[in-house]
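These notes are about the structure you will find just below.
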Amino acid sequence: MVTHVNIRSFFEHFLYSIESESGSHMSNDTGQIKNEPTLGQALTPVALLVGLLASSVYLFGDSSSSGPNQIALILAAGLTILIGLRNGYTWKEMEQGMVHGISLAMGALMILLAVGSLIGTWILAGIVPTMIYYGLQVLSPTIFYAAATVICGLVALATGSSWTTASTIGIGLMGIAVTQDLNLGLAAGAIISGAYFGDKLSPLSDTTNLAPAMAGADLFIHIRHMLWTTTPSFILALGFFIIAGFVGAQPQPADNLDIVLRALDAQFSIGIHLLLPAVLVIVLVIKRMPAFPAILLGALVGGLFAAVFQQATVLTYVGETDLPRNVAVLKGVWIAMFDGFVLNSGNAMLDELLSRGGMSSMFGTIWLIMAAMMFGGAMEASRMLQRIAFGIVSFVRGTGSLIAATIVTCIGTNIIASDQYISIVLPGRMLRAEYRKRRLHPKNLSRTLEDAGTLTSPLIPWNTCGAFMSQALGVATLTYLPFCFFNLISPFVSAIYGYTGFTIEKLEESDEDEESAVAYLPTDS
């Protein structure tokens, strides 16, 4: 996933926090003795969080992410702070940990705001309606899920970004799924499965670079080794989507399709040229432009296309009759960027589908991410996160249990720290020496970090990836989670390989120098 935070400073911070302190007692900045948290203390805030989140879902259902979950995360952070203070940490240290945690997510938050603007202007400009218009004529319900998986996989492989794929091609595909009355959880699962498949195998992806850097493996050796788990996982996932298309999807009557096409044609000026902004964004990301400026530029180009090609739609949306035409068009584009677009076509399904976007629509998701990073930052600052990870490692007995411990640590870190980078950095730094001690090639570790850390991040509602995918695709995380077949299958395949020894390679004498190799890291990713 390309979110373009500074990865170098990120993992340097974690390297310091994990390796610089040892023993059960330390001193804080005032000279006061600090006690290492016990495993029971570390698990207490997690237990509270699990209980509060379960209560939130029970009481509020699908709306739990619009406020209740945030309160649960903040309350769990508060308990973490109290335990940290009891162990000798100061409020300043805990506050700095939370602020640092939020700062790690700032790149993702900026992208979310840009995506909000992009959705608003791309609907206003007829870009998303054009994707839906042509997609409805090409993608039949029976092949939709499989086709969406393959399309998103190719785009993500080219761009190295699951986020860019979901926020461009994914939005159009979700529109097609809505108009064809398909299962939206399945549709989102297909898009996410394809996006993360391509992201994982792309040398342009920052997580694909970060994992071997943490493990001490070469980038392209890491990618080739991932093919052993990624290929069968993707084939199985694609098979499920093919079956779902033929079993569950019902072809829509031609009359229904004609109604939707006519409604789109009546509200927007449809044309193949309107797909150029989408092509522009994809090309910019392939050319290594960071995601935030690329998406923001795509939103601005969408606004320009709206002003040029959709003036009637813009003027109807603004509803201003006393303003000069050009001023009214400018106002409409401006509103779409900060508050989204609202369609009043008389077709209830289309109105609901195409009334969304704007930076303001992302504020709830931003709040969720900030609350999650507060909790993760407090857990990391009080060393409770590290304590839980060390507790998991203590159960390691053989190669199979080491791979399983890596998977559990990555998933647990994704849940607690709410960020996929931490889920790669923390287990990678902690377990690297254990893999070397057991004479296991570092590419085994880097592959497992991706199988469990990268791929499970969009399955956690309060994780930066889960929150982003839910907001971009318009489907609750828990709704699409059961259908992200690729993301769910990969950790199991990795664990099976660990216990059977299949493709688990030992560290040979000739490979001694390889562990010191550093994979390419994009300086602005």
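Using a 7 Å offset from the Cα along the Cα-to-Cβ direction at both Ile143 and Ser360, what is the distance between the two label points in nm, to one decimal?
Label-label distance for Ile143 and Ser360, simple model: 4.2 nm.
As a test of reading the structure, rank Trp367, Trp462, Trp91 by solvent-accessible area (1.4 Å probe, protein chains only), most first.
Result of the area sort, largest leading: Trp91, Trp367, Trp462.
Can you give the convex hull volume of the alpha carbon atoms of the range 90-163 per residue, in Å³?
It comes to 134 Å³ per residue, whole-number rounded.
Based only on the alpha carbon positions, what is the Kirkwood hydrodynamic radius of the range 151-301, in angstrom?
17.3 Å
Given a 1.4 Å probe and the protein chains all in place, what does the accessible area of Ile272 round to, in Å² to the nearest 10?
120 Å²
Using a 1.4 Å probe on the protein heavy atoms only, what accessible surface does Tyr133 show? Give it in Å² to the nearest 10.
50 Å²
Can you give me the relative contact order of the chain as a percent, contacts being Cα pairs under 8 Å and 6 or more apart?
26 percent
Got a number for carbon plus sulfur as a percent of the range 405-503's accessible area, 1.4 Å probe?
Roughly 69 percent of what the probe reaches on the range 405-503 is carbon or sulfur.
How do Thr399, Thr80 rank by accessible surface area computed with a 1.4 Å probe, from largest to smallest?
From most exposed to least exposed: Thr399, Thr80.
For the chain, find the longest principal axis of its Cα atoms and tell me its angle to the long axis of helix 91-104, 0 to 90°, nearest 10.
Helix 91-104 sits roughly 50 degrees off the main axis of the chain.
Just to confirm the number: angle between the C-alpha axis of helix 141-159 and the first principal axis of the chain, 0 to 90 degrees, nearest 10?
Here the helix axis deviates by roughly 60 degrees.
At Ile71 and Arg224, where each label point lies 7 Å from the Cα along Cα→Cβ, what is the point-to-point distance in nanometres?
Taking the simple label geometry, Ile71 and Arg224 are separated by 5.5 nm.
I'd like to know how the range 347-460 sits against the 2.2 N^0.38 Å rule of thumb: what's its Cα Rg over that expected value?
My calculation over the Cα atoms of the range 347-460 gives 1.37.
Working from Cα positions, state the angle (0 to 90°, nearest 10) between the long axis of helix 399-417 and the longest principal axis of the chain.
On a 0 to 90 degree scale, this one is about 60.
Given the C-alpha atoms of the chain, compute the convex hull and give its volume per residue in Å³.
With only Cα atoms used, the chain gives 145 Å³ per residue.
Once you place label points 7 Å from the Cα toward the Cβ at Thr231 and Lys506, how far apart are they in nm?
In this crude spin-label approximation the distance works out to 2.5 nm.
At 1.4 Å probe size, put Ile33, Ile415, Ile127 in order of accessible surface, largest to smallest.
Ile33, Ile415, Ile127
Please give the length that would be gained between Asn35 and Glu434 if that part of the chain were fully extended, namely 0.36 nm times their separation in residues minus their C-alpha to C-alpha distance (nm, one decimal). List each step's numbers first, then the result.
Details: separation 399, 0.36 × 399 = 143.64 nm, distance 2.55 nm.
Here the answer is 141.1 nm.
Please turn the phi angles of the range 349-362 into ³J(HN,Hα) values with the Karplus equation 6.51 cos²θ - 1.76 cosθ + 1.60 (θ = phi - 60°), one per residue in order, whole Hz, x for glycine and proline.
My calculation for the range 349-362 gives 5, 5, 4, 5, 5, 9, 9, 6, x, x, 4, 4, 5, 8 Hz in order.
Mind checking the dipole of the chain: about its Cα centre, +1 per Lys or Arg Cβ, -1 per Asp or Glu Cβ, Debye to the nearest 20?
That gives the chain a dipole magnitude of about 420 debye.
Calculated from DSSP H runs of 4 or more alone, at -39500 (n - 2.57) each and per residue, what is the 222 nm mean residue ellipticity of the chain, nearest 500?
-22500 deg cm²/dmol, from helical runs alone.
If you count only protein heavy atoms and use a 1.4 Å probe, how large is the accessible surface of Arg438, to the nearest 10 Å²?
60 Å²
Could you give the accessible area per residue of the chain, probe 1.4 Å, as a whole number in Å²?
It amounts to 38 Å² per residue over the chain.
With a Cα-only, solvent-free Debye model of the range 376-435, what are the log10 I(q)/I(0) values at q = 0.19 Å⁻¹?
The computed values of log10 I(q)/I(0) come out as -0.60.
Work out the FRET efficiency for Trp91 and Ser63 from their Cβ-Cβ distance, taking R0 = 25 Å, and round it to the nearest 0.05.
Using R0 = 25 Å, I get an efficiency of 0.15.
Between Asn326 and Ile272, how high is the FRET efficiency from 1/(1 + (r/R0)^6) when r is the Cβ-Cβ distance and R₀ = 45 Å? Nearest 0.05.
My answer for the efficiency is 0.95.
So what's the net charge close to Leu104: Lys and Arg +1, Asp and Glu -1, counting the other residues with Cβ under 12 Å from its Cβ?
Spelling it out: positives minus negatives among the neighbours equals -2.
The values are calculated or read from the model by the stated rules, or taken from the named source; none is laboratory data. All figures in this text were calculated on a predicted structure; none of them were measured in a lab. In this analysis, Cβ positions are derived from the backbone assuming ideal geometry, glycine residues included, and neighbour counts consider all displayed protein chains. What goes into the accessible areas is simple: the full protein's heavy atoms, side chains included, and nothing from ligands, DNA or RNA. Shrake-Rupley method; radii C 1.70, N 1.55, O 1.52, S 1.80 Å.
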